[in-house]
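Here the structure is laid out as C-alpha cells; the discussion comes afterwards.
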Amino acid sequence: MDDWSPLWISIQVAVCATVCSVLLGTLLAYAAMKLKRLRALADVVLTLPLVLPPTVVGFFLLVLLGKNSAVGQFFNRIGFSFIFTMKGAVAAAFVVSFPLMYRSARSAMEQMDRQLLYAARTLGAKEGKIFFRVILPNCRSGILAGTILAFARAMGEFGATIMLAGNIPGKTQTMALAVYTAVQGGNREKAFQWAAIIVALSALAIFGINFFERGKNTGKDDTF
C-alpha cells in the first residue's frame with residue numbers, strides 16, 4: 001500500500017476519542033453510582049448509542065452539530081467545525097465508544113467493597129480524595145478494560161463517521177472507510193489488507209482485555 005494515511009488517521013481519531021471516553025465515562029460512572037431514582041434513566045441515555053445503528057447515531061450527530069443547528073452555529077462562530085473534518089470523526093468515534101467505557105467503569109465501581117467508601121468517609125475524606133485514592137485504584141482493571149474496548153470500537157467506527165465526517169482521503173478516511181472505498185472500487189486486495197490490519201488490532205485489544213481480567217482474578221485469588 002502506498003498510502004498509509006487511513007492507519008494514522010484511525011489511530012489519531014481512536015486515541016482522541018478514547019481519552020475523552022475515559023475521562024467523561026469514568027466521571028459519569030461515578031456520578032451514576034451515587035444516583036438512586038435517576039440511575040436507570042441515566043443508563044438509558046448514556047448507553048443508547050451502544051444499541052442504535054451507527055448510521056442513526058451519525059444522523060443525530062449531523063442534526064445536532066450541523067450548520068443549521070444552534071449547537072453547530074455556536075461552534076462555527078468559534079471556528080470549530082465538525083462537518084467533514086477530523087473533529088467530526090473524533091466526535092463520531094467518541095459517541096459510539098463512550099458507552100463501552102461508561103458501562104465498564106460503572107460495573108467495576110458497583111463491584112467495589114462499599115465498606116472502603118464508608119471507612120474513608122468516616123475518617124473525614126472528601127469526595128474528591130475518595131475518588132482518586134480509593135475508587136480509581138480499586139477499579140483500575142475495569143477502567144483499563146473499558147479503555148481498551150473503547151479504543152477498539154473507536155478504531156473500527158464506520159457508520160457515524162461517514163455520516164458526520166465523510167470519506168475524504170487523507171483527511172477523514174479511516175481504515176474502515178478505506179475498506180469500504182476499496183470494495184466499492186473493486187480492489188479486493190487492498191480491502192483485504194486494511195481488513196487484516198483491523199482484525200489484528202482488534203485481536204490485540206481482546207488479548208489485552210483477557211490479560212487484565214486474568215491479572216484481576218489472580219490478584220483476588222492471592223488474597224485468600
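The values are calculated or read from the model by the stated rules, or taken from the named source; none is laboratory data. Just so it is clear, the model here is predicted, and its values are computed rather than measured. When we count neighbours, we look across all protein chains shown, and the Cβ atoms used for this are built from the backbone with ideal geometry, even at glycine.
Per-residue answers, yes or no, for (1) within 24 Å of Ile168 (Cβ to Cβ); (2) modelled with pLDDT of 95 or more; (3) more than 17 Å from the chain's Cα centre (by Cα); (4) among the acidic types (Asp, Glu):
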| site | (1), (2), (3), (4) |
| --- | --- |
| Asp3 | yes, no, yes, yes |
| Ala29 | no, no, no, no |
| Arg77 | yes, no, yes, no |
| Gly88 | yes, no, no, no |
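Within the range 27-58, the residues that satisfy the criterion of being farther than 29 Å from Val199 by Cβ and of a type outside the set (A, V, I, L, M) are Tyr30, Lys34, Lys36, Arg37, Arg39, Asp43. Selection of first residues in the range 191-212 that are within 19 Å of Gly142 (Cβ to Cβ) and of second residues that are among the β-branched types (Val, Ile, Thr) and part of a helix (DSSP H, G or I), restricted to Cβ pairs under 6 Å at least 6 apart or on distinct chains, gives the following pairs, ordered by first then second residue: Ala205/Ile148; Gly208/Ile148; Ile209/Ile148.
Okay, residues lined up against (1) more than 29 Å from Lys87 (Cβ to Cβ); (2) surrounded by fewer than 19 Cβ atoms within 10 Å (Cβ to Cβ); (3) among the polar types (S, T, N, Q):
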| site | (1), (2), (3) |
| --- | --- |
| Ala119 | yes, yes, no |
| Thr122 | yes, yes, yes |
| Val134 | yes, yes, no |
| Gln173 | no, no, yes |
| Gly185 | no, yes, no |
| Ala195 | no, yes, no |
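Among the residues of the range 116-136, just one is closer than 23 Å to Gly25 by Cα, out of contact with any helix residue (DSSP H, G or I) (no Cβ under 7 Å at 6 or more places or on another chain) and of a type in the set (Phe, Trp, Tyr), namely Phe132.
Among the helices (runs of 4 or more DSSP H) confined to the range 1-105, the ones with at least 2 residues that are touching a Cys at 6+ places or on another chain (Cβ under 9 Å), within 22 Å of Ala150 (Cα to Cα) and in contact (Cβ under 8 Å) with a residue 40 or more places away in the chain are located at 5-34. Every listed requirement among (1) over 23 Å from Leu65 (Cβ atoms); (2) surrounded by 13 or more Cβ atoms within 10 Å (Cβ to Cβ); (3) among the aliphatic types (A, V, I, L, M) is met by Ala165 save one, (1).
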